[in-house]
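What follows is a short report on a single structure.
Please treat every number below as a calculation from the coordinates, not as lab data. Please read these numbers as outputs of a predicted model, since none were measured by experiment. Heads up, the Cβs are rebuilt from the backbone with ideal geometry, glycines too, and the neighbour counts pull from every protein chain shown.
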Ligand SMILES: NC(=O)c1ccc[n+]([C@@H]2O[C@H](COP(=O)([O-])OP(=O)(O)OC[C@H]3O[C@@H](n4cnc5c(N)ncnc54)[C@H](O)[C@@H]3O)[C@@H](O)[C@H]2O)c1
């Protein structure tokens, strides 16, 4: 299969690019000529982006134009490119998350060969009702929006960044209804730390233990979304965290919606090492 990956120089993009190649897919990576990655506490964006260019085949600013000849070749497009900072202001969100997403989806809709778009959405679309979670240990099971399933799911965005992800989900749903392409939105937890206990006692300790998404599980979610049989009009929204003991997002729907896939890792295993 030929798979386009936007934001291929980013943290997830670099790893997904290599993973899909290792599975035998042809991958076309799209990113800025000077990638801008977000990183997170303890991991600078620059340290991520400086490794990124080997994973970029087509340099472009997707908020300006999408190279349609490259999209033409893709059976599936995984749209990761965005400003991933939950504190991003309106200017960044408008360009990199809203206009770029509109441009990518429009290009995919125009290409009959492109049958599926997989969108990197975020856990932030659904926990605006509990904004303290990022800074306190008040995160308790069941305090957040309980489930995402098929597309009738509730959203409570907690930031302009989250609003842009709600926009991406809604636009993808629209395109799937129009039968332009199948759409799968993956509401990613926090995928940046291979060992979440490095953040123990820090500001985001409780949030990370709940929202942790190991890299292996993250790649598993995307792989499962790629592997689903093509089914015109298909439209799926899933939550995507690891199988954390302290998870607050419901992932019980994941095997049903993603062909039997279920994440394997648990953040707590890093906190109980003897
Ligand atoms: N990593 C996480 O924990 C996490 C959690 C929830 C959602 N997400 C989403 O997953 C996606 C990937 O996350 P990441 O951590 O790899 O992000 P990242 O910041 O490391 O990478 C994003 C990439 O998108 C590129 N990009 C931004 N604007 C662009 C534009 N206009 N044109 C072309 N490329 C552009 C950047 O240069 C960068 O390489 C993002 O959409 C992010 O919002 C990530």
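Could you work out how far helix 215-227 tilts from the main Cα principal axis of the chain, as a 0 to 90 degree angle to the nearest 10? Rounded to the nearest ten degrees, it is 40.
Working ranking of peptides 251-259, 167-175 by packing, defined as the average number of other Cβ atoms within 10 Å per residue, highest first, is 167-175, 251-259.
Mean separation of Cα pairs under 8 Å and 6+ residues apart, divided by the residue count of the chain: what relative contact order is that in percent? Before the final figure, lay out the partial values.
Numbers: 607 pairs, mean separation 46.6, N = 274.
Answer for the chain is 17 percent.
Suppose the chain between residue 99 and residue 272 were pulled fully straight at 0.36 nm per residue; how much longer would it get relative to their current alpha carbon spacing? Before the final figure, lay out each step's value.
Numbers: separation 173, 0.36 × 173 = 62.28 nm, distance 4.42 nm.
Extra length available between residue 99 and residue 272 comes to 57.9 nm.
Taking a ≥ b ≥ c as the square roots of the Cα gyration tensor eigenvalues, with a/c under 1.5 meaning rounded and otherwise prolate when a/b beats b/c, else oblate, which class fits region 1-42? Judged from the Cα gyration tensor, region 1-42 comes out oblate (a/c at least 1.5, b/c at or above a/b). For the chain, DSSP calls about 5 percent of its internal beta bridges antiparallel. Model label sites at residue 177 and residue 21, defined 7 Å from Cα along the beta-carbon direction, differ in position by 4.0 nm. Helix 11-22 axis versus longest C-alpha principal axis of the chain: approximately 60°, rounded to the nearest ten. Seen against the Cα atoms of the chain and their longest principal axis, helix 100-109 is set at about 50 degrees. Entry note: the chain has Rg to Rh equal to 0.94, where both radii use alpha-carbon atoms and Rh is the Kirkwood radius. Summed over qualifying helices (DSSP H, 4 residues or more, each -39500 (n - 2.57)) and divided by its residue number, the chain shows a 222 nm mean residue ellipticity of -7500 deg cm²/dmol.
Approximating the spin labels as points 7 Å out from Cα along Cα→Cβ, the residue 87-to-residue 194 distance works out to 2.8 nm. Between residue 256 and residue 231, the contour length at 0.36 nm per residue exceeds the Cα-Cα span by 7.5 nm.
Using the alpha-carbon centroid of each, what span in Å lies between region 74-127 and region 13-37? The distance from the Cα centre of region 74-127 to that of region 13-37 comes to 15 Å.
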